[in-house]
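None of the figures in this text is laboratory data; all of them are computed from the coordinates on show. Worth saying up front: this structure is predicted, and the values here are computed from it rather than measured. Backbone-built Cβ (ideal geometry, glycine too); neighbour counts: all protein chains shown.
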Amino acid sequence: MPSHSLPKVSVLIPAFNEEKYILRTLSALMKQDYPCYEIIIADNASTDRTVIVIQQFIDRLPVTAISIHLVYENKRGTNFARECARQKATGSIIAQIDADCIPTANWLRKGVTALTRNRKTVAVTGPYDYYDGDKWMRTSSLLSQKIFYPLVNILVQFTGRAAILIGGNTFIRASVLESAGGYNTDFTFYGDDVDMGKKLATYGHVAYSSDLILFSSSRRYKAIGFFQVNKKYQACFWNLVWQKDNLLQTSETSHPR
């Protein structure tokens, strides 16, 4: 298919103190086999060398390279950063990725293909493969995401209560995201993807593709504990499904590290 007939993708990257990780993410994104995309990084008031590292990377790019834009959001929180980046986006598809992820060369192409396969699909998401996790954690997590998540996603959308969304591995139709009001900045970290999944599901189908795998760091699990972090994610999701309490009660107020 000619590149001019492909939808343009805006890749959004929120970044808070990511000087150790962001270069790997950017380097991998520059090697994508999909020709029509831009990268927008929203620095979220970093206190380390994140901005310097990003700017040096941009300055070294050849003139013919894919466009990378660095924007700034002083209000701390993932969704503040994503919304800031979204306001600058020009693509018809929004791709969400985190600053510690390493996409394979066909990640964009696979995401766009899965999203545009059906007109009723408004978003598509897929699992993380925690490349730096121990064998047990990496295997068990990937298996559960590839086997159980697709089934749960079908069930909760059938009931109309929610949809599974992996926040750093998601492709969304930009027009639908705009209609949904963009990113909900009441959520700063945990709960943001759950809230977005439910909103998007009211506009159409949120697809879960087990083949849309993205390498991500397990640093948060290592720092806080696998079960503790997983408990937070599960609490956000199931509280929404069963509508037991306000989802914001399970969200965080700052970036966890």
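Classify the range 1-47 as rounded, prolate or oblate from the Cα gyration tensor: take a ≥ b ≥ c as the square roots of its eigenvalues, call it rounded if a/c is under 1.5, otherwise prolate when a/b beats b/c and oblate if not.
Values: a/c = 6.13, a/b = 2.20, b/c = 2.78.
In terms of gyration-tensor shape, oblate.
Viscosity 1.567 mPa s, temperature 4 °C: Stokes-Einstein D of the range 141-207 from its Kirkwood Cα radius, in µm² per second?
On the way: Rh = 12.4 Å.
Rounded, D is 104 µm²/s.
Let me see the pair-distance distribution of the range 165-204: every alpha carbon pair, 5 Å bin width, integer percents in order.
So the P(r) values, bin by bin, are 5, 23, 37, 28, 7, 0.
Which of rounded, prolate, oblate describes the range 85-134, given a ≥ b ≥ c as roots of the alpha-carbon gyration tensor eigenvalues and a/c under 1.5 marking rounded, otherwise prolate only if a/b is larger than b/c?
Details: a/c = 2.34, a/b = 1.43, b/c = 1.63.
Note, shape of the range 85-134 comes out oblate.
Once you have a ≥ b ≥ c as the square roots of the Cα gyration tensor eigenvalues for the range 44-114, tell me rounded if a/c is under 1.5, and otherwise prolate or oblate according to whether a/b is larger than b/c. Display every interim value, and only then the final one.
Details: a/c = 1.69, a/b = 1.22, b/c = 1.38.
In terms of gyration-tensor shape, oblate.
Given the C-alpha centroids of the range 127-189 and the range 1-42, what is the distance between them in whole angstrom?
19 Å
From the phi angles alone, apply the Karplus equation (6.51, -1.76, 1.60; θ = phi - 60°) to the range 83-91 and give each ³J(HN,Hα) in whole Hz, x where the residue is Gly or Pro.
5, 4, 5, 4, 4, 9, 6, 10, x
P(r) of the range 1-124 in 5 Å steps, Cα pairs, percent per bin?
2, 11, 21, 24, 21, 12, 6, 2, 0
Determine by what factor the alpha-carbon radius of gyration of the range 73-177 differs from 2.2 N^0.38 Å, reporting the quotient.
Numbers: Rg = 15.0 Å, N = 105, 2.2 N^0.38 = 12.9 Å.
The reported ratio for this selection is 1.16.
Relative contact order (percent) for the range 28-184, with alpha-carbon contacts under 8 angstrom and 6 or more residues of separation?
Working: 179 pairs, mean separation 43.9, N = 157.
Value for the range 28-184: 28 percent.
With a cap of 16 neighbouring Cβ atoms within 10 Å, and only residues DSSP puts in a loop, list the chymotrypsin sites (Phe, Trp or Tyr not before Pro) found in the range 38-138. Mind showing how you got there, number by number?
Working: sites: Phe57, Tyr72, Phe80, Trp107, Tyr128, Tyr130, Tyr131, Trp136; in loops: Tyr131.
In loop regions of the range 38-138 (DSSP not H, G, I, E or B), the sparsely surrounded chymotrypsin sites (Phe, Trp or Tyr not before Pro) are Tyr131.
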